[in-house]
2 protein chains.
Amino acid sequence: MSEPPELPNALERFSVNQMTVRQLSLPELVDACRELGVAGVGLWREPVRAYGVEAAAKLVRDAGLTVTTLCRGGFLTATDPAERAAALAGNRRAVDEAATLGTDVLVLVCGGLPAGSRDLHGARERIADALAELGPYAERHGVRLAVEPLHPMFAADRCVVSTLAQALDLAERFPARQVGVAVDTYHVWWDDRAPDQIARAGAAGRIHAFQLADWTTPLPEGALEGRGQLGDGAIDLRAWRARVEAAGYTGPIEVELFNSALWARDGREVLAETVRRFTEHAV
Amino acid sequence: MSEPPELPNALERFSVNQMTVRQLSLPELVDACRELGVAGVGLWREPVRAYGVEAAAKLVRDAGLTVTTLCRGGFLTATDPAERAAALAGNRRAVDEAATLGTDVLVLVCGGLPAGSRDLHGARERIADALAELGPYAERHGVRLAVEPLHPMFAADRCVVSTLAQALDLAERFPARQVGVAVDTYHVWWDDRAPDQIARAGAAGRIHAFQLADWTTPLPEGALEGRGQLGDGAIDLRAWRARVEAAGYTGPIEVELFNSALWARDGREVLAETVRRFTEHAV
C-alpha cells in the first residue's frame with residue numbers, strides 16, 4: 001500500500017489536508033509527506049495549536065512543505081454581542097496563525113443558525129458584517145479569506161452559505177485580495193449552477209482554495225464524517241478540476257476527507273492510497 | 001394529547017400524508033382523520049396496493065376524505081432499456097391508481113444516478129424523456145404529474161432534481177396540465193432562490209402540491225427518516241406558506257414527515273400532535 005505514485009509530476013499541485021489523516025501527529029504527517037513526495041499540506045487549527053503554532057511552522061518549513069490553507073475560521077453568525085466579539089477575536093487569531101504558518105489562505109466555515117433562529121438571510125448578513133471587519137485585518141497580515149459554501153445539508157447547524165453563488169455574492173462586497181471562496185467538490189457537485197459560478201469566481205481572481213472529496217452514500221449519522229475517498233463516489237472529480245483550471249486557477253489541489261472509516265486505518269496507508277487515488281481520478 | 005384543535009377552520013386546507021403516521025392501517029387512519037376533523041389525506045402507493053386500490057378508494061370516499069396526492073411515481077433515470085421500460089410501466093400504473101383513488105396529483109421522486117454513473121445532466125435528460133411519455137398518458141386519465149425537487153443530499157441516490165429551478169426547467173417543457181412541481185419545505189428551505197421560483201411556478205399554474213416538514217439536526221444515518229415535526233426545526237413554515245399562497249396556490253397543504261421517532265409512537269397521538277403543530281406554526 002505504500003509504493004510511490006506512478007506519476008510523480010502529477011503530485012506537483014497535490015496537497016493533503018491534515019484532517020484526512022488526523023490519526024497522524026504533525027511530525028508523523030510531515031514524515032509521511034516526505035516519504036510519498038507530497039509537497040503541500042492544509043493544516044487545521046486545533047492540532048496545530050496543540051502542537052504549538054511556532055513549532056508547527058518551523059516543522060513544516062524545515063521539511064520544505066508548503067502550507068496550502070489553514071482551516072478554519074468562521075462561525076460568524078452569532079447574535080449575542082459577547083459571542084460575536086469572541087468570534088471576531090478568534091478569527092483575528094486564526095489570521096495571525098495563518099501568517100505564522102506561512103499560508104496566505106484562511107478557509108472560513110461561516111456558521112449556522114443561532115439556536116432558535118429561522119432567519120437565514122439575517123445570518124448571512126451578519127457574516128457580511130464580520131467580513132467587513134476581518135477582511136482588512138487579514139490583508140494587513142498577508143492572508144486572504146476563503147468563504148467556503150457548505151452543502152445545503154449543513155445550512156442549519158454549520159454554514160448558512162450553501163452555494164457558490166451565495167459565497168460569491170458575499171465575497172464580491174470586498175476586494176478579492178481580502179475575500180474569495182473555497183471550492184470543495186463535496187459541497188458543490190450537485191449544483192448545476194456551480195460551473196458558471198466557478199467561471200465567475202475565476203474571472204474575479206476569487207478562487208482562493210480548491211478541495212476534493214467524493215460523495216458516497218449512505219450518509220452517516222450527523223452527515224459530517226462520510227466524505228468519500230476519491231473515486232469511491234458520484235463526483236466526476238476530473239471534470240471539476242478542469243472547470244476550476246479553465247477558470248484560471250493554478251493553485252494547490254487539497255484533498256480533505258472527513259471519514260471515520262479512513263481515520264480508523266493506518267494513517268500512512270491512507271495517505272498513500274489518497275495519493276494514488278488522486279493520480280487515478282483527478283489528474 | 002387528543003384534544004380537538006383550537007381552530008377547526010384552520011384545518012380546511014390541512015392534509016396528512018399517510019407516511020407521517022405509517023404505523024396506522026388505512027382504516028385506522030381514516031378513523032383518526034374523522035375523529036380529528038382532518039379532511040384530506042395524501043396516500044402512498046405501497047400500503048394502498050397492499051390494502052387494494054379499489055377498496056382503499058371506497059374507504060376514503062365513503063369517509064368523505066379528499067385524496068390530495070398519491071406518492072409516489074418516478075425513478076426515471078435508469079439507462080438499462082428493460083429497467084427503463086419497467087419504470088415507465090410502473091408509472092403508468094401509478095397514474096391509473098391515482099385516478100382510481102380520485103386524486104389528480106401524482107408526486108414524482110425522479111431517481112438518482114444509476115450505479116457507477118457520475119452524469120447528473122444525462123440523468124436529468126432521461127427524466128425529461130420519460131415525462132414526454134408519461135405526461136400525455138396522465139392527462140388522459142385526469143392526473144397531473146408533480147416533479148418534486150429533493151434536498152441536494154439525495155442527489156446521488158434518490159433524486160437528481162435538487163432545486164425548484166431545476167424542477168421547473170423540466171416541467172416547463174410540457175403543458176402545466178401535464179407536469180408541474182411539488183414544493184416541500186424540507187427540500188427547499190435552504191435555497192435563497194426558492195422564493196422566486198415559487199412565484200415562477202405559481203404564475204404558470206404549476207404548483208401541483210405543497211408539503212410541509214421541518215428541518216432538524218443531527219441528521220440520522222441515511223438522512224431519510226429525520227424530517228422534523230412542525231415547529232421543532234429551522235424552517236419558518238408560515239413564511240413558506242405565505243410565499244406559496246402569494247403565488248396563487250389555494251390547494252391542500254400536506255404534512256409529510258418521515259421520522260422514525262414519530263413512527264415509534266401511537267399513531268393517533270402523532271396525528272393529533274401534527275394537527276396542533278399545524279395550527280400553531282403554519283396557520
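Odds and ends about this structure:
- Inter-copy spacing of B:ARG177 label points, which lie 7 Å from Cα along Cα→Cβ, given in nm from shortest upward: 6.3
- The amide H of B:ALA223, built 1.01 Å from its N in the peptide plane, has no neighbour under 5 Å, considering only residues 5 or more places off or on other chains.
- Using alpha-carbon coordinates, inclination of helix B:120-140 to the longest axis of chain B, degrees: 70 degrees
- Antiparallel %, DSSP beta bridges [both residues in the protein assembly as shown], to 5: 10 percent
- Residue-count net charge about B:ARG265 - beta-carbon cut-off 15 Å; Lys, Arg +1, Asp, Glu -1: -1
- Extension gain for B:ARG140-B:GLU221 works out to 25.1 nm (0.36 nm per residue, less the C-alpha to C-alpha distance).
- Modelled label reach - B:GLU133, point 7 Å along Cα→Cβ, region B:103-118 residues with backbone N closer than 20 Å: B:106-115
- 222 nm mean residue ellipticity, helices alone, for chain B (DSSP H n ≥ 4; -39,500 (n - 2.57); rounded to 500): -13000 deg cm²/dmol
- Percent of C-alpha pairs per 5 Å bin in region A:80-190, short distances first: 2, 13, 23, 24, 20, 13, 4, 1.
- Nearest 10 degrees, 0 to 90: helix B:237-246 Cα axis against chain B principal axis: 60 degrees
- Span from the region A:12-80 Cα centroid across to the region A:208-275 one, whole angstrom: 16 Å
- DSSP bridge pairs, chain B: antiparallel proportion in percent, nearest 5: 10 percent
- Seen from a random direction on average, the alpha-carbon convex hull of the protein assembly as shown projects onto 26.1 square nanometres.
- Under a 5 Å amide H cut-off, with hydrogens placed 1.01 Å from N, A:ALA146 pairs with A:LEU106, A:VAL107, A:LEU108, A:GLY180 among residues at least 5 apart or on other chains.
- Here, chain A is characterised by an Rg to Rh ratio of 0.94, where Rg is the alpha-carbon radius of gyration and Rh the Kirkwood radius.
- Cut-off 11 Å between beta-carbons: net charge of the residues surrounding B:VAL67, Lys and Arg +1, Asp and Glu -1: -2
- Region B:135-237: antiparallel DSSP beta bridges as a percent of all, rounded to 5: 20 percent
- Between the listed residues A:ALA86, A:THR100, A:PRO152, the Cα displaced farthest toward the positive end of the dipole of region A:8-281, a dipole computed from Cβ unit charges relative to the Cα centre, is found at A:THR100.
- The mean number of partner chain beta-carbon atoms within 10 angstrom of a residue's beta-carbon across peptide A:153-160 is 5.
- Within-11-Å neighbourhood charge of A:GLY222 [Cβ basis; K, R +1; D, E -1]: -3
- Mean projected area of the Cα convex hull of region B:217-283, taken over all directions, amounts to 5.1 nm².
- To the nearest ten degrees, helix B:81-101 and the longest principal axis of the Cα atoms of chain B are 30 degrees apart.
FYI, it's all coordinate maths here, none of it is from the lab. Please read these numbers as outputs of a predicted model, since none were measured by experiment. We place every Cβ from the backbone using ideal geometry, glycine too, and count neighbours over all the protein chains shown.
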